[in-house]
Amino acid sequence: MSERPLLNRRLDGFGTTIFAEMSALAVKTGAINLGQGFPDTDGPEEIREAAVRALRDGKGNQYPPGPGIPELRMAVTEHQQRFYGLTFDPDTEVLVTAGATEAIAATMLALLEPGDEVIAFEPYYDSYAACISMAGATRVPLTLRAPDFRPDLDALRDAITPHTRLLLLNSPHNPTGMVLTRDELTAIAELAVERDLIVVTDEVYEHLVFEGEHIPLISLPGMRDRTVSISSAGKTFSFTGWKVGWVTAAAPLVTAIRTAKQFLTYVSAGPFQYAVAEALRLPDSYFIGFRDELGVKRDLLAGGLTDAGFEVYRPQGTYFVTTDVAALGEKDALAFCRSLPERCGVVAVPNSVFYDDPKPGRTQVRFAFCKRESVLREAVARLGQL
Ligand SMILES: Cc1ncc(COP(=O)(O)O)c(C=O)c1O
């Protein structure tokens, strides 16, 4: 074998995701897993049944259409209309993907050239960095800082160069729980128009906002033709394993993204697409009930972590709470998370690995609260021993 490393240099340094490492640690030690963001109970029974029915009825068992089944594309447009008053053409402006993950990957591969710069909030969801890199582009972080994690809009303006191709935004933001306000979104939209940028918005936690409201950037003036809006069913309907996501954007953007997507998975999750079409049509009471239930869990976990001595940054959205463990005398979030299962039988994720500059997040640790209340109570009791 030659000296050349096997791994493509664009993937150099990405290793195993922290979620996989920490979930494996949870399995090995039997600890409560508040690391990876998946619920410990499945979503609505009737939606699970809809998937079973689709399988039995032979719907989606063979390759579905490349852009997604028409029923799901129509349901996505109805959802955008119902919640945000936005109109999309289901035939040309919606693309169904293998979760938001593939939507992000296909978008980066379709829209970026080597040498392009992408501005993204840090701490970032780890696939952003990898996808930007696989596309040969460079990431430029815009650091969100404790305690409130608001984006510094002057810093954003300064970060834009002639090489900036797009902004990759996430609101509600994982891991900090920050939700962009209308004023912030307006300022971002004005900048995007002024500097002629595309903006990609990852909105997978759109239905998990406890304070404020979720406003899609694409609804703001000047943004309809330059925004790629991404979401998925995993978080909203508690079926993270189904991996059904979607892009909504103007037709030329969808066409470009579909060109990349068709050579990644081509299509996926046929029968689940039928079930997700039904899920998106659930009554408002489902969405409100889901958010309220998670709100109670947020308060339970945030309160317990505060009592256990953590500094807690109360999230406005998502199902994560970011804490600072410096208050416990800890100096390094990664070391803390690696030792936590042995010390008290709980798994969490260090935010520090989601920063390019490790300083601002060195002692930040994220806990997921999409778990049964009894599990959260037990976790809190264990963390109280620290
Ligand atoms: C911000 C963010 N984007 C995307 C995803 C991935 O979504 P999906 O499971 O639909 O691929 C996640 C999952 O944790 C996430 O937190």
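The values are calculated or read from the model by the stated rules, or taken from the named source; none is laboratory data. Just so we're clear, the structure is a prediction, and the values are computed from it rather than from any experiment. Every residue, glycine among them, receives a Cβ derived from its backbone with ideal geometry; neighbour counts consider all protein chains shown.
Scan segment 280-303 and tell me whether some residue there is assigned to a helix (DSSP H, G or I), more than 24 Å from residue 239 (Cα to Cα) and not assigned by TED's automatic domain parsing to the domain that holds residue 52. Yes, there is a match, as at least one residue in segment 280-303 is assigned to a helix (DSSP H, G or I), more than 24 Å from residue 239 (Cα to Cα) and not assigned by TED's automatic domain parsing to the domain that holds residue 52.
Kindly provide the set of residues from segment 234-259 that are aliphatic (A, V, I, L, M) and either closer than 17 Å to residue 65 by Cβ or within 15 Å of the ligand (Cβ to nearest atom) (or both), ordered by number. Please lay out each step first, then the result.
First pass over segment 234-259, keeping only residues aliphatic (A, V, I, L, M): 244, 247, 249-251, 253-254, 256-257.
Listed by number, the residues that qualify are 244, 247, 251, 254, 257.
Residues in segment 100-124 that are surrounded by fewer than 24 Cβ atoms within 10 Å (Cβ to Cβ) and of a type outside the set (A, V, I, L, M, F, W, C): 101, 113, 114, 115, 116, 117, 122, 124. Note on segment 171-214: residues that are within 16 Å of the ligand (Cβ to nearest atom), of a type in the set (Gly, Ala, Ser) and farther than 18 Å from residue 230 by Cβ total 1.
Only one entry in 152, 183, 202 is surrounded by fewer than 16 Cβ atoms within 10 Å (Cβ to Cβ) and either within 21 Å of residue 356 (Cβ to Cβ) or in contact (Cβ under 8 Å) with a residue 24 or more places away in the chain (or both), namely 152.
Any residue that is assigned by TED's automatic domain parsing to the domain that holds residue 31, under 19 Å from residue 210 (Cβ atoms), surrounded by fewer than 17 Cβ atoms within 10 Å (Cβ to Cβ) and touching a helix residue (DSSP H, G or I) at 6+ places or on another chain (Cβ under 7 Å) - is there at least one of those in segment 365-373? Yes: segment 365-373 contains one or more residues that are assigned by TED's automatic domain parsing to the domain that holds residue 31, under 19 Å from residue 210 (Cβ atoms), surrounded by fewer than 17 Cβ atoms within 10 Å (Cβ to Cβ) and touching a helix residue (DSSP H, G or I) at 6+ places or on another chain (Cβ under 7 Å).
Hey, can you tell me all the residues within segment 21-52 that are farther than 23 Å from residue 380 by Cβ, surrounded by fewer than 16 Cβ atoms within 10 Å (Cβ to Cβ) and either touching a Ser or Thr at 6+ places or on another chain (Cβ under 9 Å) or without any contact (Cβ under 8 Å) to a residue 12 or more places away in the chain (or both)? Hits for segment 21-52 are 24, 42, 45, 49, 52. What number of residues within segment 220-233 satisfy the criterion of being buried (at least 17 other Cβ atoms within 10 Å of the Cβ) and farther than 20 Å from residue 65 by Cβ? Matching residues across segment 220-233 total 6. Residue 267 meets the conditions (1) more than 16 Å from the ligand (Cβ to nearest atom); (2) more than 20 Å from the chain's Cα centre (by Cα) in every case but one. The failed one is (1). The conditions of being under 18 Å from the mean Cα position of the chain (by Cα) and more than 16 Å from the ligand (Cβ to nearest atom) are not met by residue 281.
Scan segment 312-343 for residues that are surrounded by fewer than 23 Cβ atoms within 10 Å (Cβ to Cβ), without any contact (Cβ under 8 Å) to a residue 60 or more places away in the chain and under 19 Å from residue 377 (Cα atoms) and the total you get is 2. Residue pairs whose Cβ atoms lie under 7 Å apart, sitting 6 or more positions apart in sequence or on different chains, and linking a residue in segment 134-145 that is without any contact (Cβ under 8 Å) to a residue 24 or more places away in the chain and buried (at least 18 other Cβ atoms within 10 Å of the Cβ) to a partner that is assigned to a strand (DSSP E or B) and β-branched (Val, Ile, Thr), are 142/119.
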